[in-house]
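The values are calculated or read from the model by the stated rules, or taken from the named source; none is laboratory data. None of these values were measured; they are calculated from a predicted model. Virtual Cβ from ideal backbone geometry, glycine too; neighbours counted across all protein chains shown.
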Amino acid sequence: MEDLDYLTSQYNQLTKEIEEAQKKEDWVRVGELIKKRGEIEKILQKYTELQEIRKKIEETEEILKKETNKELLELAKKEKEDLQQRLQILKKELQSFAQDKEKTESVIVEIRPGVGGEEAALFAQDLFSMYLKYANKKGWKVKILETKKTDLGGIKEAIFEITGKGAYSKLKYEGGVHRVQRIPETEKSGRIHTSTASVVVLKKPKKAEIHIDPKDLKIETFRASGPGGQYVNRRESAVRITHIPTSIVVACQSERTQAQNRENALAILQARLLKMQEEQQLKEIQQTRKSQIGKMERSEKIRTYNFPQDRVTDHRVKKTWHNIEEILGGELDPIVEELEKTLNKS
């Protein structure tokens, strides 16, 4: 039913976008959207057929209970067998869709320090490393889009793309404020400090999911700053893109060429626009669903990493795991699986 609700909302949204593209006479866009809507329509038709077959099976079972004519009983038995065979085929097809839906996905993850100064920046680096190690264990591909380091080894910001089987479904619940409780190395009195870092997980849109009009973009270039010696001061390789309608600003300078930084910045911008679009749809279509809370209120503290007690607690599922070093080393599956099991039902 969750898939059906999602597909129905996507179908309705695509219909609106097709109408808007037709008004603008953007026929290339219209063709892309109609093709995408057609794929969803096929799946919705299978759901409808599945429901109809279940109803027919129930009706046939009622006939078998009441009918006394042997010939009619045989016909009813045969019809039930045929319906059950078709039901199994449809179930397999829809199950295959559910598996393929999150087969190979790309997500953009953004990590930034919160409260806690340099300790927060160091914790942000720990989270960055944790997700990179988790991606490596899952066999996913990682592409670093932007990183800004601090002098003591922490990070001011890390933006990276992860691509692989089930990447979004596994990481979508990582978005939120992560909190750490530990004694910093620079703390002489042994006091436990509490710091935070924010994690944002954005689903990278596929082609045609997000259409950006080049007229809506303000693209600027500037000289990269940070490590790199004389090279960073010689060429304007860094790129800043402003999406005028939404005022979203994205800047990238991690690559050596302007073209690569432009490509990375556009990927981040598309992901942020898709997130904005999805949140708007959730507000309009599924306001009563509990699952909105986690997706729309990223400011909540979702997880605490307590070093003195060697525990990691996820506050959404009210569950605790131990061996914190192992978890920060990329052993995230037990937490991820519990989140999938519990929050997918919410």
Go through segment 110-142 and give me each residue that's in contact with a helix residue (DSSP H, G or I) (Cβ under 9 Å, 6 or more places away or on another chain) and either within 18 Å of residue 325 (Cβ to Cβ) or modelled with pLDDT under 90 (or both).
116, 126, 127, 129, 130, 131, 133, 134, 137, 138
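Residue by residue, here is whether (1) in the same structural domain as residue 192 (by TED's automatic domain parsing); (2) of a type in the set (A, V, I, L, M) holds:
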residue	(1), (2)
44	no, yes
47	no, no
51	no, no
67	no, no
89	no, yes
112	yes, no
119	yes, no
128	yes, no
132	yes, yes
Determine, yes or no, whether residue 143 is more than 28 Å from residue 264 (Cα to Cα) and of a type in the set (Lys, Arg).
no
Of the residues 74, 146, 79, 174, which single one is within 22 Å of residue 249 (Cα to Cα) and acidic (Asp, Glu)?
146
List, please: which pairs have Cβ atoms under 6 Å, are six or more places apart or on different chains, and start with a residue in segment 245-266 that is free of Cβ contacts under 8 Å to residues at least 60 places away in the same chain and end with one that is part of a helix (DSSP H, G or I) and among the small types (Gly, Ala, Ser)?
250/265
Between 83, 72, which is modelled with pLDDT under 85 and not assigned by TED's automatic domain parsing to the domain that holds residue 264?
72
Name the single residue that is modelled with the lowest pLDDT among those in segment 171-213 being within 30 Å of residue 37 (Cβ to Cβ) and among the small types (Gly, Ala, Ser).
208
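Given the criteria under 23 Å from residue 331 (Cβ atoms), modelled with pLDDT of 90 or more, charged (D, E, K, R) and surrounded by 19 or more Cβ atoms within 10 Å (Cβ to Cβ), does residue 161 qualify?
It is true that residue 161 is under 23 Å from residue 331 (Cβ atoms), modelled with pLDDT of 90 or more, charged (D, E, K, R) and surrounded by 19 or more Cβ atoms within 10 Å (Cβ to Cβ).
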Could you identify the single residue in 221, 194 that is without any contact (Cβ under 8 Å) to a residue 40 or more places away in the chain, part of a strand (DSSP E or B) and β-branched (Val, Ile, Thr)?
221
Is it the case that residue 32 is at pLDDT 85 or above, among the acidic types (Asp, Glu) and in a helix (DSSP H, G or I)?
no
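Identify, please: which residue in segment 1-47 is small (Gly, Ala, Ser) and touching a residue at least 12 places away in the same chain (Cβ under 8 Å) and is, among those, surrounded by the fewest Cβ atoms within 10 Å (Cβ to Cβ)? Give the derivation first.
Within segment 1-47, the first condition is being small (Gly, Ala, Ser), and the residues that meet it are 9, 21, 31, 38.
Next, only the ones that are touching a residue at least 12 places away in the same chain (Cβ under 8 Å) stay: 9, 21.
On the way: 9: 16, 21: 19.
So the residue we want is 9.
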